[in-house]
Structure formats: C-alpha cells, structure tokens
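The values are calculated or read from the model by the stated rules, or taken from the named source; none is laboratory data. Nothing here was measured: the structure is a model prediction, and the numbers come from that model. Counting neighbours? That spans all protein chains shown, and the Cβs are built from the backbone with ideal geometry, glycine included.
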Amino acid sequence: MDFLNAIVLFSNFVIVPGLAYGSQLALGALGVTLVYGILRFSNFAHGEIMSFGAMIAILVMWAFQGAGISIAPLPTVLLALPFAIVATVFIVLGVDRVVFRYYRVKRSPPLILLIASTGVMFLFNGVIRFVIGPTDQRVDDGARFILRVRDFREATGLSEGLAIKTSQVISLGAAVLCVAGLFWFLNKTRTGKSMRAYSDNEDLALLSGVNPDRVVMFAWILAGSLAVVAGTLYGLDKIYKPFTYLQLLLPIFAAAIVGGVGNPVGAIVGGFVIAFSEVTLTYAYKKFLGYLLPSDWAPEGLAQLLGTDYKFAVSFMILVVVLLVRPTGIFAGRTL
Amino acid sequence: MTYTRNRKIFLFGVMAFLLIMVGVLQSWSLSLTIINLCIISAVMALGVNIQWGYAGLFNAGVMGFAALGGLATIIIAMPPVPETWQAGGMGVIFAGVVAAATVLICVFAYRKLKPNRLYANLTVAAIAVIGFFTTRAIFEPAVTAIELVQPAKTGYLGGLGLPVIVAWPVGGLLAAGAAFIVGRVALGLRSDYLAIATLGISEIIVAILKNEDWLTRGVKNVNGLPRPTPYEVDLQNAAWFIEFTTNWGFDIQEASSIFVKLCYMGLFLAVLLFVLFLSERALKSPWGRMMRAIRDNETAAEAMGKDVKGRHLQVFILGSAVIGVAGAMLTTLDGQFTPTSYQPLRFTFLIWVMVIVGGSGNNFGAVLGGFLVWFAWIEAEPVGALLIDFITLGLAEDSPLRLHLLDSAIYMRPITMGLVLLLVLRFSPRGLIPEETGGARTR
C-alpha cells in the first residue's frame, strides 16, 4: 500500500506536471530549432513571440466570452487559438520581411541576426505591455480538473490522491498533435522535404531548384504557429504573466541545444529532459521517502535537492554538461 | 581622420547640449542624476564594447556581471554582523571549503582516469554527489542559524566594513571570476552558445542574490550602504557650506544635493576616463590589432599562430570585469542593493543598444552610446506621454482608451529602444562613431 501511495504521490507532483511542462518546452524548442535550421541564427525574440501569440489568444478569448460563446468543458482559449495563430504568423512574416530578410540577403554573420532579434524582442515586449499591461491574466475557464484528488482517493482507497488538470492533458495532446503534424509535413510533403534539403545543404538545395523564399516563409509559419501554441498552453497551465516568457528563453534554448540544435527530434527529447530534470531536482522528497523507507529512516528535512527558485540553474547545469561532454547535443547534426 | 574627429566633437557637443537643456528646462539636480547614470552606463558599454567590438563575442549576461558588482559593495562596505558570524559564519566558510575541495577532487580524478571515459565519468559523478550532500549538510544548519538572527534588521553576515570605493575593483574581480567559468565552458564552441550560456549564468546569479538571505538579505534588500561622498544633512550643518551658500545666495537644500551629486560625478568620471584611457591604449596596441584580426578572420589568425580560444577568454574576462566595476558603481550610487531591480531588458539588452548605436569597436562610440541611449531611455516616457496626448486629442478627456494609453506611456521605452536598435543596425550598422580601421580609412 505504501508503495502504491508513493507512486501516486510521485505521479501527482512529478510525472504529470513534468509531462505538461515538457510538452510546452518541446513546442517552444521546436520553433527555435526550426528557425535555427533554416535561417541559421538563434532567435532571441522567440519567447516574446510566444507571449504575443498568447496575448492575441487572450484578447480573442475575451471577445468570445463577451459574446457568450464557449466550448465548455474545454477552455475558451482553445477556440481562440486558430485566430491567434493566423494573426501572429502574419506579424512574424511581416517582421521577417522588414527586419530579417535584409540580413539574410546580405549574408550577415549569425550574430548580427541575433542582435536584430533582440531588437524585435524589445519591440514585442513593449507592444505586449502596451496592449495587455504587465499584470497577470487568468486563462483557464471551463472545467479545471479531469481527475480530482478526492475522487481519486475515493475510487482507489489510497491515502494519496492524483489530480490531473485539463490544461495538462491539453498540453500533452496538443504537443502530440503538433509534433505528428510537423513530422508528417517535413517528411511527406514537397515543401517539407525541400526545407530539410535546404537545412542540410543550402547550396545543393538551391542548385536543385528549391525556392529559398518559400522555405523561409514556411519556417516562419511553422515556428510562429508552434510558438503561439506553446505560449498559450504555458499561460493556460500556469497563468499568463508577460515577464515569464523572457525567462522561458533559457530552458527553451537549453532544450534545443541538449537535443542538438536544428534537429526536431532532439528538440522534443531536450524539452522533456529539461522539464523532468527541473521537476525532479526541485521536488521535496520527504513524504515520498517516508512511504518507501522504514519509519525510523525517514529524512528530517524536506529532502529537496534544489530550491524551486533555482529551477533556471537546472537548465543551465544540463546545458553546461552537454557543452562540456557533447557540444553537438544528443542528436548531432543540424538537419531538420 | 579629421572627419571622424569633427563628428565626434559634434556628437558629444549635442549630448552636452541635451543635458544642459534638461538643467535649464527641468532642474540641474535632475540633469546631474541623469549624467551620473549616463557615466555608469558608458562604463558598462565600454565593457561590452571590449567583448563585442574588439573580439566579436556576444555576452547576453551583462545583468549578472553588474549584479556581482552590486554584491561586492555589500561584501566590502557593510559593517560585519558579529552575532551572525558567531551563529553560523564558520559553518558557511567550512561548507565553501568542502564545495571547493569537491570540485578540485573531481577535476583531479577526471584527469587521472581520463583513459577510460565511462569509468572516469562515473567516478566524477559519484564524487560530485557525495560532495554535494556533504556541503548541504554543513551549509544548511549554518544558514538557518544566520537567518534567525534579527531577521528584520540583519539576518545576514554583513560585510567587511571597508570604504565603499574598495568594492569597485572587487566587483570587477567577482565578475571576472564568473566570466572565467562561463568562458571556459562556452568559448571555442559555436558563437551563439556563449550568448545562451551567459544568459543562463546571469539568471542564476540574480536568482542566488534574491534567495541567499545569509549573503544579501535577498528580497529584503540591503539598505544604507555607506557612501564615498558627504551626506546632505552633514553639509547643511557644516559651517563652511552654510557660509558658501549664503555668500552665493543658493538655497541650502538644493545646493547640498547638487554638491553630493557633483562629488559622485567626479568619482565616476575618474573611473570612466581611466577605463577609456586603458581601452584606447589596448585597442591601439599590437594586442588590440591582434584581437581585431582574430575577430575578422579566426582561421587566418589561427594560422598565424594566435591562440584564438585563449585570447577570447582573456578579452571576455576583461570586458566582464569592467561591467562588474560599473555594477558596483551603480549600487554605490543607489545606496541600496535591491536584487529584484535586475531586469535583463534594462541591464543586458539596453547596454547592447548603447554599444550598437554608439559604434561597436570604437570606445568613444560606446561612451557616446551610453550617454545618448540612457538619456533616451529616461526621456522616452515623458516624450511618449506627450505624443500619446497629442495623438488622442480627438478623444474625450476621460475616454478609457486614452487613459489606458497614457498609463502605458512607460512602455514607450522598450518600443523606442527596439526601433532605435533595428534602425541603426539596418541603416548605419557601424554606429554613430564608426570604428577606425587602420588601412581602410577611405571607405
């Protein structure tokens, strides 16, 4: 019984939140990796693009709520998501046209594009605060839980409960859908194949008649859409705070690098590696060990490896280890 | 050559004019406040320019190095708190020794066992885990004891009680130490890995400063840092100052505040000129030419026998040290240490705008950028409010849209900075005062 209790406790506080957070990170890292694979620079504006997309989704959500449209028990923001994706993709394509295209045509070094992306980051940052303000926004209407702690306890008779939030299931489901769609696109369609070819060997792809403008456009469409989904899901799961997205940049980049920048499979694996490392290292194991160990062995303190305030340190440490041991990431290479 | 010189003089003249206009139109006290922060920004921009302009290294962690400078002011200038030292000072030091020993043993073991990688990795991991738990076991009771001593007033170890000026070079040293660690890991790999690694270290440094109450009191802030300058109250009671103000017919309150700010300005200006002098000498020396050669063509420089990775590490450490000094100066000026005030936009990316706008690779450009961009950052809010006021003239006085926009005027700052950065990068990528390159003067 104690063993089962320990497992339920661990699932409730580590596995379920880790899966949801990992899905969000993986979606974010996929966007970073796509831009890197095609445009060959680290896009520091990615966090703010996620935030921007989530903001549009919230604005549309308010409009729906005002009009009394809802898809309860699912949160209304899901209904707003397609609109947010379309709007954000248009903005991102406009930004590419006005800002990034010039440096691409000039073949500027990647760091110049990176600096340009910090300029875009500044702009988005200001615009977001201008429109929606710096305060928190709640996104999760509809049914908040699929499985409640009390129901679980009553059903199983265990003393520990398992709660599953709607947003967690949606995160995982959306990630699976997006990833499946992305891989189908990259592997089966003509445009997807030309993107992979372009990423693998630009000159050879150009020689074979791949249209670079089209490839770049699709890279932004995909990266922008993934960013909106990731940003909205993060806001739905936690709460929408404009400033957190700048901080998400670190775990997202760490995820992309851990998996091998430019490699989509790597981005997904990296996202889950970072998420689970963060959750497992900052979880307090006191109660968990209490169930497993004999009662006089139970730890006195919280048995927490790192305070939750140091979760950034986890992504950083993993990043450092990867850079030291295997700088190319788990899945080497920069091919899509 | 004369063209750039004239341009330099003209642009610095414009900057001086702007600051004088603030003095005439608003107040001299405000103008001096802006100037002091301009000087500190200029020193930070010089540090970033050393990394980016000389060597082409992208440091996205300026905030962390500046925060370490701030930490130095506490460690050096605050009076020690004997009760907390008694409660847990030895424990903290002992934990530090154990942690350092663990790292050393790990490095040693790895070098000895290198031939067999799997075996080496496993041993190192085992040593690291044991060392981590031993350190924690010593560290935590000590910290708890320290933080229990009068948490509302102290609850931290305090500092050494030395003059606060000493903290400036020490801030540089702390930042240099952090830069050494990051540089060893991330340099020599792809160029943007350094950007991401520095972004990470800066977030971690600020997280440590926010949460390690025994060291910095965390979010409770450290107030009342000693000043290197006289206090206004003392001045107002000093006989010579009273005589001075009555002779010249100044208001004593305002005169004392201006006097203090002038003292700060003198100190900061001395540091700025010193750093500027050294940077110029370094840039115009064989070392500076070598750095630019490495920046412009790493492969060719390597072929000439230059140690690219070593030089990069060197220049990265030097630049970070300058940023650390500037960070210490900033905390000294504020008179308090507030970890929550470290925001990446303000402390990392704004400094980048300064360097790009001023002219990367040119020290005078970086200084001008520091002045101009800080000025714009301060003035963007009132100007933005005026602009919004003007645009929304057609709307009713109490229209919600107009009020919302006016409330948001402060966010004109990031928008302006983003626009300025993008425009300069696109249309004048060499900045306001471009780099002086030896051979290609005619371009």
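Numbers at a glance
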| read-out | value |
| --- | --- |
| Residue check, B:I323 within 14 Å of chain A (Cβ to nearest Cβ) and crowded, with 24+ Cβ neighbours inside 10 Å | no |
| Which numbered condition B:Q236 fails, given (1) polar (S, T, N, Q); (2) out of contact with any Cys (no Cβ under 7 Å at 6 or more places or on another chain); (3) touching a residue at least 24 places away in the same chain (Cβ under 8 Å) | (3) |
| Close pairs (7 angstrom Cβ cut-off, 6 or more residues apart or separate chains): in contact (Cβ under 8 Å) with a residue 40 or more places away in the chain and closer than 17 Å to B:T216 by Cα in segment B:150-176, among the β-branched types (V, I, T) and in a loop (DSSP other than H, G, I, E, B) anywhere | B:T154/B:V81; B:G155/B:V149; B:Y156/B:V81; B:L157/B:V81; B:G158/B:V81 |
| Among the residues listed as B:G47, B:G89, the single one being surrounded by 16 or more Cβ atoms within 10 Å (Cβ to Cβ) and farther than 28 Å from B:E280 by Cβ | B:G89 |
| Positions within segment B:293-310 being more than 21 Å from B:S360 (Cβ to Cβ) and of a type in the set (D, E), in sequence order | B:E302, B:D307 |
| Test set (1) more than 23 Å from B:I93 (Cβ to Cβ); (2) more than 10 Å from chain A (Cβ to nearest Cβ); (3) not polar (S, T, N, Q) - B:G177 fails condition number | (1) |
| Residue that is nearest to B:V322 (Cα to Cα), among those in segment B:275-300 that are of a type in the set (S, T, Y) and in a helix (DSSP H, G or I) | B:S279 |
| Any hit, segment A:166-183, residues being at pLDDT 90 or above, away from chain B (no Cβ under 14 Å), in a helix (DSSP H, G or I) and farther than 30 Å from A:I69 by Cβ | yes |
| Residue check for A:I112: facing another protein chain (nearest Cβ under 8 Å), more than 14 Å from A:T232 (Cβ to Cβ), of a type in the set (V, I, T) and free of Cβ contacts under 8 Å to residues at least 12 places away in the same chain | yes |
| Pick from segment A:120-150, criterion more than 8 Å from every other protein chain (Cβ to nearest Cβ) and of a type in the set (K, R), ranking: farthest from the chain's Cα centre (by Cα) | A:R150 |
| Among (1) more than 23 Å from B:N36 (Cβ to Cβ); (2) part of a helix (DSSP H, G or I); (3) more than 14 Å from chain A (Cβ to nearest Cβ) - the single one B:L422 does not satisfy | (3) |
| Complete set of residues in segment B:146-167 that are aliphatic (A, V, I, L, M) and buried (at least 21 other Cβ atoms within 10 Å of the Cβ) | B:I146, B:L157, B:V164, B:A167 |
| A:R196 vs. criteria more than 18 Å from A:G235 (Cα to Cα), of a type in the set (D, E, K, R) and surrounded by 14 or more Cβ atoms within 10 Å (Cβ to Cβ) | yes |
| Condition met for B:A167 (away from every other protein chain (no Cβ under 11 Å), under 22 Å from A:S42 (Cβ atoms) and of a type outside the set (D, E, K, R)) | no |
| Elements of type helices (runs of 4 or more DSSP H) in segment B:335-418, at least 2 residues being touching a helix residue (DSSP H, G or I) at 6+ places or on another chain (Cβ under 6 Å) and at pLDDT 90 or above | B:350-358, B:363-391 |
| Contacts under 8 angstrom Cβ, first residue in segment A:132-156 being at positive phi, partner of a type in the set (A, V, I, L, M) and modelled with pLDDT of 80 or more, 6 or more apart | A:G142/A:I71; A:G142/A:L74 |
| Tally of residues being over 13 Å from the mean Cα position of the chain (by Cα), closer than 16 Å to A:S51 by Cβ and surrounded by fewer than 24 Cβ atoms within 10 Å (Cβ to Cβ) across segment A:239-277 | 4 |
| Only listed residue being within 19 Å of A:L27 (Cβ to Cβ) and either surrounded by fewer than 20 Cβ atoms within 10 Å (Cβ to Cβ) or of a type in the set (S, T, N, Q) (or both), chosen from A:A180, A:A175 | A:A180 |
| Boolean, B:A179 is over 29 Å from B:L148 (Cα atoms) and among the hydrophobic types (A, V, I, L, M, F, W, C) | yes |
| Single unsatisfied condition, B:G155 versus (1) at pLDDT 85 or above; (2) under 22 Å from B:N223 (Cα atoms); (3) not β-branched (V, I, T) | (1) |
| Candidates B:V129, B:V107, B:V170 - the one that is among the aliphatic types (A, V, I, L, M) and surrounded by 15 or more Cβ atoms within 10 Å (Cβ to Cβ) | B:V170 |
| Segment B:297-320 - residue that is within 16 Å of B:W52 (Cα to Cα) and over 27 Å from the mean Cα position of the chain (by Cα) and, of those, surrounded by the fewest Cβ atoms within 10 Å (Cβ to Cβ) | B:N297 |
| Candidates B:I252, B:I294, B:I208, B:I258 - the one that is on the phi < 0 side of the Ramachandran plot and crowded, with 21+ Cβ neighbours inside 10 Å | B:I294 |
| Given (1) within 14 Å of another protein chain (Cβ to nearest Cβ); (2) free of Cβ contacts under 8 Å to residues at least 40 places away in the same chain, number of the condition B:I204 does not satisfy | (2) |
| Looking only at segment A:184-211, and only at residues there that are of a type in the set (S, T, Y) and assigned to a loop (DSSP other than H, G, I, E, B), the one that is nearest to the chain's Cα centre (by Cα) | A:T189 |
| Residue match in segment A:212-232 (condition: assigned to a helix (DSSP H, G or I), modelled with pLDDT of 90 or more and surrounded by fewer than 15 Cβ atoms within 10 Å (Cβ to Cβ)) | yes |
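Here's the yes/no breakdown for (1) more than 30 Å from A:A116 (Cβ to Cβ); (2) surrounded by fewer than 19 Cβ atoms within 10 Å (Cβ to Cβ):
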site	(1), (2)
A:M1	yes, yes
A:I7	yes, yes
A:F10	yes, no
A:F13	yes, no
A:V16	yes, no
A:A26	no, no
A:L30	no, no
A:E48	no, no
